[in-house]
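The structure appears right after this line, and notes come after that.
The numbers here are math on the coordinates, done by the rules we state, and not lab data. The structure presented is a predicted model; accordingly, all values stated were derived computationally and were not measured. Here the Cβ positions follow ideal geometry from the backbone for every residue, glycine too, while neighbour counts run over all protein chains shown.
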Amino acid sequence: MKFFFFISAVLLTFLSCRKNSPEFFKGSVDRNINSCSGSTGYVFIIKYITKNNTEDSLSTLTLPTQFKLSGTKINFQMRNLSNTDEVMFCNTMITPPKQKVIYNVKPQ
């Protein structure tokens, strides 16, 4: 009988543990950087609020066309670059914010 309860508890714990989906961030499109680009176009700078309620910024090549206007307020999810993502190239001596991939972009 104890074995039955033990197995039930293990299965219940296993089934109730789910991977959390990535959180949404609130931000706004700051500007594009004409001196940095990729095959998808210019790099855009996004200012956003972090989990710690502080302001930060990122650079991205994955901003959908309908949001490529400075001042546009957006909600989005983000992730780090993987080996298959495109890396931006800059032809001037600037240091843009860290490049991220943004997705599930929605207006605020």
**OP:** Take region 42-57 and flag every residue that is part of a strand (DSSP E or B) and over 12 Å from residue 100 (Cβ atoms).
**Re:** 42, 47, 49, 55
Subject >> Members of region 73-85 found to be closer than 13 Å to residue 102 by Cβ and surrounded by 11 or more Cβ atoms within 10 Å (Cβ to Cβ), listed by number >> reply: 74, 75, 76, 77, 78, 79, 81, 85
Original post:
Of the residues that sit in region 58-72 and are exposed (fewer than 14 other Cβ atoms within 10 Å of the Cβ) and among the small types (Gly, Ala, Ser), which one is nearest to residue 96 (Cα to Cα)?
Top reply: 70
Original post:
Can you name every residue in region 86-102 that is surrounded by 14 or more Cβ atoms within 10 Å (Cβ to Cβ) and either assigned to a strand (DSSP E or B) or among the hydrophobic types (A, V, I, L, M, F, W, C) (or both)?
Top reply: 88, 90, 99, 101, 102
Original post:
If the Cβ limit is 7 Å and pairs must be 6+ apart or interchain, which residue in region 35-58 that is more than 17 Å from residue 72 (Cβ to Cβ) pairs with which residue that is exposed (fewer than 12 other Cβ atoms within 10 Å of the Cβ)?
Top reply: 35/91; 35/92; 35/94; 36/89; 37/89; 38/89; 56/50
